Amino acid sequence: MKNLKKALLLAGLLGMAAAYMAADDSTKRYIAHIGKQVPYLPYRYFI
Amino acid sequence: MADYDAIVIGAGLGGLTTASLLSKNGFKTLVLEQSDIIGGCCSTYESQGYRFDVGASIVEILHPMERFFELMGKRREDYIELLPCDPIYSFITEDGRRFSYPTDVDETTKVIESIAPEDVEGWKKFASLGFEMIDRMMDAMMLSPMKTVPEAMRMVIKNPEAMRFLPLLMRTHQAVTRKYYRNPVIQSSVAFQSYFAGAPPEIGSGIFGFIALTEHLGIYYPRGGMISIPEGLARAGEEHGLEVRTGRKVEKILLDGRKARGVLLEDGSEITSDIVVSNVNAKVAYLKMVGPENLPRWAVKAISSYRHSMPCPMIYVGLDTKPDLEAHHTVVTGSIEAMNKVWNDYYTKDLIPSTAMSLICWPTEADPSLAPEGHHILNFLCNAPAPYAPLGDNWDRIKGWYREEAIKSLERVVLPGIRDHITYMEVSTPLDFERRLLSPQGSIYGLFSDMTSLALFRPHARSRVVDGLYLTGSSTHLGGGVPTTIASGIITSGYILKDRG
């Protein structure tokens, strides 16, 4: 069960990486922009 | 005993809406405005017989304004006269083609058919979904608080159809535009409005893609200039005892522990109140007026994480002739790719683009009384957006160069020979905006707006770190704009009335 979870997680991450690599430059910039903001969301929610 | 029941810092639309509604509900309320004129970005100044709008140039989505007057028990028509503008926009494309979108939907269909017959079907689908959203969701989205998960859930439970439209928040403006339109000219005529929310099409939220549709419900110019709107809001409040003082700058929000107890003015005087409403930029309110030393560390991290919205130099032009324009607004724009390029290759690198989107507003088309007889005015936004700190220079030194570039741009693209007809010209740079409006970095829409800084993730109208402190205006839900900031004032006054009413 543990191994299955790890495999699914790995597959998910690989899938996301593949989708990112296949995206156009504009989408990559959008993902990068959002990615930089995500760590602040928990703080922003409470202010 | 406190001097006032409520003090509002800043006489922008959000501040005046909140203050007037509190006055109507029996609160002894004072508005303190640092400038000599009220309205903030939605204001008008007079010079050499011309009346120029500082920033905001039109009003659309009248519902929040009508709702305000309804709550005040008054009629909007008695306070603000709105002149309809039609067509909505005139466009000048990269290859010099000109066309206009009228407010009438069927007439717009004909315009799209003449340019891109393949996009007529997309336009109809876009309009169908958009008008349904406006009809069912506009009230809920604009006038409901949506800062917390319970608030957002309440909104969705009351309006289950919201689930259909919420995915638009997660998509980009250009994704929504490209879903409905294939022709690059039509795409750019919709996508440019992403910059009205302060972001390029590849970052701006898809929900703003429907701004273009709300304009088909009508766009209006207030007689006497944009300042007529804040003047109308203030007058409605003054009839209930509201006091508005201009030329009074607030330095600090006074605290008793974590509780607001009033304000300290620049002249050293103190005015006390248990309720303080900030209509200034949220970063200024928390980091300068409250002070980081009075905030928990997580709150400092939260408020510091927001980026300011983009600045925009404005050029105010007086003419002794009628300009060769077709609409209240003329947009000079390129493709979606060009709009993104300006952001990525210029704005974020502190460079001023040589060609980019320009917006020419012609207020005397709607209201000739804004200029001497036979004269006209233009409010010109040239090659936007432009950075706050151009690389290796500052706006005070390059103002003259920018002024000349603006004239060349007007001559090249829009009005040949206009130089000989200019009787007045002033450039308001991002630095000027910062000085005049105390808007950090000259930001014109408060905080940057994307899906990570809207709704649940925008500063709360009821502070969670300082008791008795409330926020309103473009830094709160739903961001910058005339209808949105009036809506924010309605939401903020609602919180106060619930807490203290």
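Descriptive notes on the structure:
Conditions tested, residue by residue: (1) over 19 Å from the mean Cα position of the chain (by Cα); (2) under 21 Å from B:S194 (Cβ atoms).
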{"site": "B:L438", "(1), (2)": "no, no"}
{"site": "B:Y445", "(1), (2)": "no, yes"}
{"site": "B:H460", "(1), (2)": "no, no"}
{"site": "B:S463", "(1), (2)": "yes, no"}
{"site": "B:G468", "(1), (2)": "yes, no"}
{"site": "B:H477", "(1), (2)": "no, yes"}
{"site": "B:G481", "(1), (2)": "no, yes"}
{"site": "B:S493", "(1), (2)": "yes, no"}
{"site": "B:R500", "(1), (2)": "yes, no"}
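- Those helices (runs of 4 or more DSSP H) lying entirely in the range B:141-238 with at least 1 residues within 14 Å of chain A (Cβ to nearest Cβ) and hydrophobic (A, V, I, L, M, F, W, C): B:149-158, B:167-170, B:173-180, B:184-191
- Residues (at pLDDT below 95 and either touching a strand residue (DSSP E or B) at 6+ places or on another chain (Cβ under 6 Å) or in the same structural domain as B:Y388 (by TED's automatic domain parsing) (or both)) located in the range B:463-479: B:S475
- Residue match in the range B:163-184 (condition: over 24 Å from B:R307 (Cα atoms), among the polar types (S, T, N, Q) and modelled with pLDDT of 90 or more): yes
- Of all residues in the range B:64-87, those being more than 20 Å from B:G15 (Cβ to Cβ) and part of a helix (DSSP H, G or I) number 2.
- With respect to the stated conditions, B:K158 is under 24 Å from B:L62 (Cβ atoms), of a type outside the set (S, T, Y) and surrounded by fewer than 14 Cβ atoms within 10 Å (Cβ to Cβ).
- Checked against (1) free of Cβ contacts under 8 Å to residues at least 12 places away in the same chain; (2) crowded, with 20+ Cβ neighbours inside 10 Å, B:P64 meets all criteria but (1).
- Subset tally (residues that are within 18 Å of B:T93 (Cβ to Cβ) and either of a type in the set (A, V, I, L, M, F, W, C) or more than 14 Å from chain A (Cβ to nearest Cβ) (or both)) for the range B:331-388: 20
- Among residues of the range B:33-49, those that are farther than 20 Å from B:M65 by Cα and buried (at least 22 other Cβ atoms within 10 Å of the Cβ), counted: 1
- Residue match in the range B:447-461 (condition: away from chain A (no Cβ under 14 Å) and outside any helix (DSSP H, G or I)): no
- Odd one out for B:L30 among (1) buried (at least 24 other Cβ atoms within 10 Å of the Cβ); (2) aliphatic (A, V, I, L, M); (3) in contact with an Asp or Glu (Cβ under 7 Å, 6 or more places away or on another chain): (1)
- Odd one out for B:P416, checked against (1) more than 23 Å from B:I275 (Cβ to Cβ); (2) within 17 Å of the chain's Cα centre (by Cα); (3) part of a loop (DSSP other than H, G, I, E, B); (4) more than 14 Å from every other protein chain (Cβ to nearest Cβ): (2)
- Options A:L4, A:L10, A:L41: the member that is free of Cβ contacts under 8 Å to residues at least 24 places away in the same chain, in contact with a helix residue (DSSP H, G or I) (Cβ under 8 Å, 6 or more places away or on another chain) and not basic (K, R): A:L41
One line per residue, one yes/no per condition, for (1) under 22 Å from the mean Cα position of the chain (by Cα); (2) more than 26 Å from B:R97 (Cα to Cα):
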{"position": "B:I203", "(1), (2)": "yes, yes"}
{"position": "B:F210", "(1), (2)": "yes, no"}
{"position": "B:E215", "(1), (2)": "yes, no"}
{"position": "B:V250", "(1), (2)": "no, yes"}
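- For the range A:8-35, the set of residues classified as more than 9 Å from chain B (Cβ to nearest Cβ) and basic (K, R) consists of A:K28 only.
- Checking B:S335, B:S269 one by one, the residue that is of a type outside the set (V, I, T), surrounded by fewer than 20 Cβ atoms within 10 Å (Cβ to Cβ) and touching a helix residue (DSSP H, G or I) at 6+ places or on another chain (Cβ under 8 Å) is B:S335 and no other.
- Annotation note: Cβ proximity below 9 Å between a residue of the range B:281-310 that is more than 10 Å from chain A (Cβ to nearest Cβ) and free of Cβ contacts under 8 Å to residues at least 12 places away in the same chain and a residue that is part of a helix (DSSP H, G or I) and among the polar types (S, T, N, Q) (sequence gap 6+ or interchain) occurs for B:P292/B:S304.
- Listing of helices (runs of 4 or more DSSP H) fully contained in chain A that carry 3 or more residues being within 26 Å of B:A302 (Cα to Cα): A:25-37, A:41-46
- Among residues that are surrounded by fewer than 18 Cβ atoms within 10 Å (Cβ to Cβ), hydrophobic (A, V, I, L, M, F, W, C), in a helix (DSSP H, G or I) and in contact (Cβ under 8 Å) with a residue 40 or more places away in the chain, B:L16 is not included.
The values are calculated or read from the model by the stated rules, or taken from the named source; none is laboratory data. The model shown is predicted, which means the values in this text are computed figures rather than measured ones. Note that each Cβ is placed from the backbone with ideal geometry, even for glycine, and that neighbours are counted across all protein chains shown.
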